[in-house]
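Asker: Just passing along the structure, written as structure tokens.
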Amino acid sequence: MNRVRMRSLVRVFAWTGLTSLGGGRSAYFFDAVVTRRPWVRTEEFVQDLTLAQLLPGPNFSNLAVLLGCRLGGWRGGAWALAAVVGPGAVILAALAAVYFRVGFTPRTAHLMHGMAAAVIGLIVVMTARMVRASIRTVPAAAIAALVFVLVGVLRVNTVVAIALVVPVSLWLHRPR
Amino acid sequence: MTLDLLDLLRLGWTFLWLSFLAIGGGLAVIPEMQRQVVGRFAWVTAQEFVDGYTLSQLTPGPNMLIAVFVGYRAHGVPGALVAGAAMFLPASVLAALVQRRWSTLRGHPWAGAVERALVPVGLGLMAAGVFTLARAAVHGWATAALATAATVLLAAFALPPIVVVLAGGLVGWLAGL
């Protein structure tokens, strides 16, 4: 029933999780399970990717779970999640321990401030690319702008904003 | 001790419902997460939140590991475990459940409509997340210039993001930002 052995699934997913630094993280998965290995077909990958973005929850772990389930059922999904989240969680907990215990000397604080400013550049570019690729109509642009102003500028509660805007967006994008 | 346990539950519950707000990506949930963990419960300060996001960018794996960072600050290792599990487990179970049904739903016209309707909402939330983080990370002309330089460099050249982020850290260290 399972397409791959559980041990190789864990190895490949853990490696993909550990090496996927920076933007475009799903691209690393495409490389690992479609390009390098005959595990998943391209159209299957696209389906899983769309679903991962559509579903609530962190995209990257959603994608890992969906691919894992496809390759090895429930167990595959569970192992995929553990393999992708576990190593990073341990590393970040260790970094957090250092950060909060040692505190930052003024110099390391400067380092962090510089990196934080550069991260803003990274997420600006990433978001702009996604907007350019995915927003093609005036209603879609209006919905995105409305959500941005409500949540970002006016600081409206996100749940409230979603509850207000999603029905409008569904109506604008209804099947016809 | 009982108080701690209560706050641990609160931590888990907060990250659980936050995880379900992430439509189209983790960045979408940043404004609300900041409001909850900085403003409402004061588990971290605004500066620690930005630093935690930066550290989670530098850590392999999903960015939403920032939950682990906040949880660790609030309640040590148990806090990190609770926050991490709340962020990733329920959403993953939902994903696995939906996948079993999705193939039958896919042909339905409203499935496509839901997909098209949620994309701009998710992107608007992401943009709001950028705005929220920028407001905390950019203070004064020097950090603004650095953020702008990073934006231009990443937009113009296909540089690996990690290189630009580490270069920003180096500049900050040398310039004493």
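Asker: What size of dipole, in debye to the nearest 20, comes out for the range A:26-142 about its Cα centre when the only charges are +1 on Lys and Arg C-beta atoms and -1 on Asp and Glu C-beta atoms?
Answerer: Details: 10 positive and 4 negative charges, 33 e Å.
It comes to approximately 160 debye.
Asker: I've got another one for you. Mind ranking A:33-39, B:48-54, A:71-77, A:147-153 by how tightly packed they are, going by the mean number of other C-beta atoms within 10 angstrom, highest first?
Answerer: Working: A:33-39: 14.9, B:48-54: 24.7, A:71-77: 18.4, A:147-153: 21.4.
With the highest mean Cβ count within 10 Å placed first, the list reads B:48-54, A:147-153, A:71-77, A:33-39.
Asker: So, one more: How would you rank A:155-162, A:3-10, B:102-109, B:162-169, highest first, on the average number of other Cβ atoms within 10 Å across their residues? Spell out each step's value before the answer.
Answerer: On the way: A:155-162: 18.2, A:3-10: 15.0, B:102-109: 11.2, B:162-169: 20.4.
Going by the mean number of other Cβ atoms within 10 Å, highest first, we get B:162-169, A:155-162, A:3-10, B:102-109.
Asker: Per DSSP helix of 4 or more residues, -39500 (n - 2.57); summed, then divided by the residues of chain A. What does that give at 222 nm, rounded to the nearest 500? Let's see the in-between values first.
Answerer: Working: 7 runs with 130 residues, N = 176.
After summing the helix terms and dividing by residue count, I get -25000 deg cm²/dmol.
Asker: Something else now. Please list the equivalent ellipsoid semi-axes of the range A:85-176, computed as the square roots of five times the alpha-carbon gyration tensor eigenvalues, in descending order and whole angstrom.
Answerer: Working from the Cα gyration tensor, I get semi-axes of 38, 16, 15 Å.
Asker: To the nearest 500 deg cm²/dmol, what mean residue ellipticity at 222 nm is calculated for chain B from DSSP H runs of n ≥ 4 alone, each contributing -39,500 (n - 2.57), summed and divided by the residues?
Answerer: Working: 7 runs with 136 residues, N = 177.
Value at 222 nm, helices only, nearest 500: -26500 deg cm²/dmol.
Asker: From the backbone phi of the range A:85-90, what are the Karplus-calculated ³J(HN,Hα) couplings (6.51 cos²θ - 1.76 cosθ + 1.60, θ = phi - 60°) in whole Hz, Gly and Pro given as x?
Answerer: Ordered by residue, 3J(HN,Hα) equals 8, x, x, x, 5, 5 Hz.
Asker: Considering the alpha-carbon set of chain B alone, what are its Rg and its Dmax in angstrom?
Answerer: 18.5, 58
Asker: Here's another thing I want to ask about it. For the range B:107-137 and the range B:4-65, what is the separation of their C-alpha centers, rounded to whole Å?
Answerer: That distance is 18 Å.
Asker: Taking each residue of B:99-112 in turn, how many C-beta atoms of other protein chains fall within 10 Å of its C-beta, and what is the average?
Answerer: Values: counts 12, 2, 0, 7, 1, 0, 1, 3, 0, 1, 3, 4, 2, 2.
Per residue, the average neighbour count from other chains is 3.
Asker: So, one more: Spelling out what I want: for every residue of the range B:164-177, take phi, set θ = phi - 60°, compute 6.51 cos²θ - 1.76 cosθ + 1.60 (Karplus), and round to whole Hz; glycine and proline get x.
Answerer: 5, 5, 5, 4, x, x, 4, 4, x, 5, 5, 7, x, 5
Asker: A further question on this structure: At 0.36 nm per residue, minus the direct Cα-Cα distance, what do B:Glu115 and B:Phe20 gain on full extension? Give it in nm, one decimal, please. Spell out each step's value before the answer.
Answerer: Working: separation 95, 0.36 × 95 = 34.20 nm, distance 1.63 nm.
Using 0.36 nm per residue and subtracting the Cα-Cα distance, I get 32.6 nm.
Asker: Determine the principal axes of the Cα atoms in chain A, then give the extent along each, sorted from largest to smallest and rounded to whole angstroms.
Answerer: 59, 48, 26
Asker: Please report the relative contact order for chain A, taking Cα pairs under 8 Å with a sequence separation of at least 6, and give it as a percent rounded to a whole number.
Answerer: Details: 113 pairs, mean separation 33.4, N = 176.
For chain A, the relative contact order is 19 percent.
Asker: How many angstrom separate the Cα center of the range B:68-105 from the Cα center of the range A:91-153?
Answerer: Cα centres, the range B:68-105 to the range A:91-153: 21 Å.
Asker: Within 10 Å of each Cβ in A:128-136, how many Cβ atoms from other chains are there, averaged over the peptide?
Answerer: Values: counts 5, 2, 8, 6, 0, 1, 6, 4, 1.
The mean count of partner-chain Cβ atoms within 10 Å per residue comes to 4.
Asker: Turning to a different aspect of this structure: With +1 assigned to the C-beta of every Lys and Arg and -1 to the C-beta of every Asp and Glu, and no other charges, what is the dipole magnitude of the protein assembly as shown about the Cα centre in debye, to the nearest 20? If you can, show how the numbers build up before the last one.
Answerer: Values: 27 positive and 10 negative charges, 171 e Å.
Charge dipole, the protein assembly as shown, about its Cα centre: 820 debye, nearest 20.
Asker: Kindly state, to the nearest 0.05, the FRET efficiency for B:Arg106 paired with A:Arg107, given R0 = 56 Å and r defined as their beta-carbon distance.
Answerer: Numbers: r = 54 Å, r/R0 = 0.96.
E between B:Arg106 and A:Arg107, to the nearest 0.05, is 0.55.
Asker: Which three lengths, in whole Å and largest first, does the protein assembly as shown cover when its Cα atoms are put on their principal axes?
Answerer: Principal extents (largest minus smallest coordinate, Cα): 56, 49, 48 Å.
Asker: Given an 8 Å cut-off on Cα distances and at least 6 residues of separation, report the relative contact order of the range A:1-103 as a percent. It would help to have the intermediate numbers written out before the result.
Answerer: Details: 98 pairs, mean separation 34.4, N = 103.
The normalised contact order for the range A:1-103 reaches 33 percent.
Asker: Taking the dipole about the Cα centre of the protein assembly as shown, with the C-beta of Lys and Arg at +1 and of Asp and Glu at -1, give me whichever of B:Ser19, B:Ile30, B:Val114 is farthest to the positive side.
Answerer: My answer, from the dipole projection, is B:Val114.
Asker: Using a 10 Å cut-off around each Cβ of peptide B:160-168, what is the average number of partner chain Cβ atoms that fall inside? Don't jump to the answer; show the numbers that get you there.
Answerer: Numbers: counts 3, 11, 4, 2, 7, 10, 4, 3, 11.
Shielding by partners across B:160-168 averages 6.
Asker: Does the range A:77-130 classify as rounded, prolate or oblate by the C-alpha gyration tensor (a ≥ b ≥ c root eigenvalues; a/c under 1.5 gives rounded; else a/b over b/c gives prolate, otherwise oblate)? All intermediate terms of the calculation are to be shown ahead of the outcome.
Answerer: On the way: a/c = 5.58, a/b = 1.14, b/c = 4.88.
Since a/c reaches 1.5 but b/c is at least a/b, the shape of the range A:77-130 is classed as oblate.
Just so you know, all these numbers are worked out from the coordinates, no wet-lab data involved. Keep in mind that what you see is a predicted model, and the values were worked out from it rather than measured. Glycine gets a Cβ as well: all are built from the backbone with ideal geometry, and neighbour counts include every protein chain shown.
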